[in-house]
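Notes to accompany the following structure.
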Amino acid sequence: MSAPSSADMEYYYSQLFPFSDIFYWLNHSREPSLDMANRELAMAFRSGAYKRYNSYTTPEEFKQQIERANPDRFEIGAVYNKPPKERDALLKSEMHPLHKELVFDIDMDDYDPYRTCCEGARVCTRCWRFITLAIEVMDSTLKEDFGFRDIMWVFSGRRGAHCWISDRRARMLTDIQRRNILDYVNVVRDRTGNKRLNLVRPYHPQLSRALEQLKPHFVDIILGDQDPWRNNDSAFGTLITGLHDKSLQEALRKHWTENPDRSSQQKWADIDAFAAAETRNNHSNASRKQDYMNKLKECKEDIVLQALYPKLDVEVTKQTIHLLKSPFCIHPATGNVCVPILDGFEPNQAPKLHQLQEEMQKHGNNVKETALQPFISHFETYIDTLIQHTEDDNSLKRKREEVLA
Ligand code: ZN
């Protein structure tokens, strides 16, 4: 860990932080507009102070003000009907939020019942696969079910990922609509995994798709690599409780207590073997037997989703006015840059501020020669597309208005 000093941060803002790019991204245009002029930015300082309701009208002002204040990090909020910086001169009722990107937050902590390689704030290549997979499932939902196009995932700097959706339709969502989207997307609400999920059948097509996406990784990551249920306490907590039959649960509990150290893969197979025995003993009728095995299959499907389906921090998504850390900020504890997530990204690929400072020194202060550049290039290409989409939307809107005029 290499926590940056306040001098490091000053250097970062003056030499490296892509202020213009962030400005254009939030402004949806290279021309100054209200999308940025009326946008709230909040600054967090190492003293613990937090300054809300800042706003900037040009990229130059944005850079100058952040550089001068030198916060630990800053966060992005909603676009209001008035410039947030004028808030003190306004009646509270005069200012209200108009829109903001739809955002999601996925945190590694929520996968702790299923990961054995690290815990708490730590993250490695192996457990990062939980996040990569969550991003894949979320992307399918956001693109195929909601038709969103302008989606960007950003490394949170330590152990999670933030999703920013900039489609106009996403930005204009009301709080109620944001909650409705959460209702649709947020399937695994109990993070402990200690309760049977018991999802309604047949699965919603969204869930059937997610299950198919996740199944092979369940075998690979959960039963293979992480092997969380080798530990009996964990198996009694998040595996056995997912089953529908108490007598099956008891038989397995007994077997695993007598035979400790059976792997997750062996325990997963034990479930089928013991279930077959249960039906032989207690369910003579063929259709009841079938019914029992169907229920078991459903339980196992639910367990796959329970373990690997994206676990969302819902508070971040619910409200238009909620603030979320800006991309390219430095994580105050790790010194990592919160870079956009490129294909195949792993947390150890995120540039660290100290590393960037060395690279800058070596290459005559040329940002293009640093490890930050691939992420900036990616971001700039993304912004070009976003601005093009926004212009297309605007011209379509104008045409419609002409026809209806
Ligand atoms: Zn790990």
| query | Can Met172 be described as touching a Leu at 6+ places or on another chain (Cβ under 9 Å), of a type in the set (A, V, I, L, M, F, W, C) and surrounded by fewer than 18 Cβ atoms within 10 Å (Cβ to Cβ)? | reply | yes
| request: Kindly list, by first and then second residue, each pair from a residue in segment 390-405 that is among the charged types (D, E, K, R) to a residue that is surrounded by 10 or more Cβ atoms within 10 Å (Cβ to Cβ), limited to pairs with Cβ atoms under 7 Å and residues at least 6 apart or on different chains. | output: Asp393/Arg168
| query | Quick one: would you say Glu31 is more than 28 Å from the chain's Cα centre (by Cα) and at pLDDT below 95? | reply | yes
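Can we say Asp291 is part of a helix (DSSP H, G or I) and at pLDDT 95 or above?
The answer is no for Asp291.
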| task | Within segment 325-344, track down each residue that is out of contact with any Lys or Arg (no Cβ under 9 Å at 6 or more places or on another chain) and either open to solvent by less than 10 Å² (accessible area, probe 1.4 Å) or β-branched (Val, Ile, Thr) (or both). | result | Pro327, Phe328, Val339, Pro340, Ile341
| Is there a residue being outside any helix (DSSP H, G or I) and either surrounded by fewer than 16 Cβ atoms within 10 Å (Cβ to Cβ) or at pLDDT below 95 (or both) anywhere in segment 210-233? | yes
| field | Count of residues meeting criterion [under 23 Å from Leu199 (Cα atoms), open to solvent by 70 Å² or more (accessible area, probe 1.4 Å) and in contact (Cβ under 8 Å) with a residue 40 or more places away in the chain] in segment 263-299 | value | 1
| task | Identify, from the list Phe62, Phe45, the residue that is closer than 29 Å to Asn394 by Cβ and modelled with pLDDT of 95 or more. | result | Phe62
| Would it be correct to say that Lys352 is at pLDDT 95 or above, among the charged types (D, E, K, R) and surrounded by 12 or more Cβ atoms within 10 Å (Cβ to Cβ)? | yes
| Selection from segment 355-375 of residues that are in a helix (DSSP H, G or I), farther than 19 Å from Ser5 by Cα and open to solvent by 80 Å² or more (accessible area, probe 1.4 Å) | Lys362, Lys368, Glu369
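The values are calculated or read from the model by the stated rules, or taken from the named source; none is laboratory data. What you are looking at is a predicted structure, and each value in this text was computed from that prediction instead of being measured. Every residue, glycine as well, gets a Cβ built from its backbone with ideal geometry; the counts of neighbours run over all protein chains shown. Just the protein is used for accessible areas: all its heavy atoms, side chains included, with ligands, DNA and RNA removed. Shrake-Rupley method; radii C 1.70, N 1.55, O 1.52, S 1.80 Å.
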